[in-house]
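Notes follow once the structure below has been shown.
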Amino acid sequence: PHAKCVFEGVLFDVYQWEQEMFDGSKATFEMLKRPDTIKVIAIKDDKIVITDEEQPNDRAYYDIPGGRHDEEGETELEAAKRELLEETGLSFKNWRLIKVEQPHTKIDWLVYLFLATEFESQTDQKLDVGEKIDIKLLSLDETKNLACNPKNRYLPIDILDQVKTINELKNFPEYKN
């Protein structure tokens with residue numbers, strides 16, 4: 001509550017605050033803040049939608065669709081639907097939040113993981129100018145195998161390892177806070 005923004009960046013802001021230590025002395029603490037991230041496990045035709053992506057000055061990588069939750073007034077679910085549609089052109093009927101995590105304690109940043117099932121329609125991708133994304137539909141086993149691939153960036157293996165079939169994944173429980 002006493003933190004002050006000392007730097008505003010394009011992606012990260014830096015906050016600092018003074019905190020009293022156990023011996024009565026004071027020290028300056030700081031934390032980064034960035035927009036939250038949305039990720040989506042989408043299942044189409046009993047296959048998992050995987051992105052094979054490339055961005056300038058970065059190696060190609062495998063991932064699941066997702067991106068920043070950075071549009072004002074947009075809910076996490078709306079951001080997930082928007083990101084999936086932009087990156088893949090795919091839309092789905094059923095959506096369920098299955099995981100929320102804060103990957104780093106010193107960064108005010110949450111990653112929301114959604115499950116999308118019951119494919120509805122497909123349109124053209126609407127990629128940013130710094131994105132090249134090819135879509136792959138892989139079986140559960142093929143997706144799990146990609147987790148060991150050096151091109152893997154964020155395949156939620158902790159979720160995938162909890163299921164043995166695509167039907168178990170489709171019925172993965174909703175996130176409880």
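The values are calculated or read from the model by the stated rules, or taken from the named source; none is laboratory data. None of these values were measured; they are calculated from a predicted model. Positions of Cβ are generated from backbone atoms using ideal geometry, with glycine treated the same way; all protein chains shown enter the neighbour counts. Only protein heavy atoms, including side chains, enter the accessible area calculation; ligands, DNA and RNA are left aside. Shrake-Rupley method; radii C 1.70, N 1.55, O 1.52, S 1.80 Å.
Quick notes on this one:
- Only one of 99, 132 that is open to solvent by 100 Å² or more (accessible area, probe 1.4 Å), under 19 Å from residue 63 (Cα atoms) and in contact (Cβ under 8 Å) with a residue 24 or more places away in the chain: 132
- Residue that is most open to solvent (accessible area, probe 1.4 Å) [pool: residues in the stretch 152-165 that are β-branched (Val, Ile, Thr) and over 18 Å from residue 39 (Cα atoms)]: 165
- Considering residues of the stretch 17-39 that are of a type outside the set (A, V, I, L, M, F, W, C) and open to solvent by less than 70 Å² (accessible area, probe 1.4 Å) only, the residue farthest from residue 4 (Cα to Cα): 39
- Test: residue 89 is at positive phi, open to solvent by less than 30 Å² (accessible area, probe 1.4 Å) and over 13 Å from the mean Cα position of the chain (by Cα): yes
- The stretch 105-120, residues that are in contact (Cβ under 8 Å) with a residue 60 or more places away in the chain, over 17 Å from residue 166 (Cβ atoms) and open to solvent by 20 Å² or more (accessible area, probe 1.4 Å): 106, 107, 108, 109, 110, 112
- Considering only residues in the stretch 166-177 that are at pLDDT 95 or above and of a type in the set (D, E, K, R), the one that is surrounded by the fewest Cβ atoms within 10 Å (Cβ to Cβ) turns out to be 174.
- Among the residues of the stretch 54-68, the one identified as open to solvent by 30 Å² or more (accessible area, probe 1.4 Å) and of a type in the set (A, V, I, L, M) is 60.
- Pairing residues of the stretch 156-170 that are without any contact (Cβ under 8 Å) to a residue 40 or more places away in the chain with residues that are hydrophobic (A, V, I, L, M, F, W, C), at Cβ distances under 6 Å and at least 6 apart in sequence or on separate chains, gives 157/147; 163/169.
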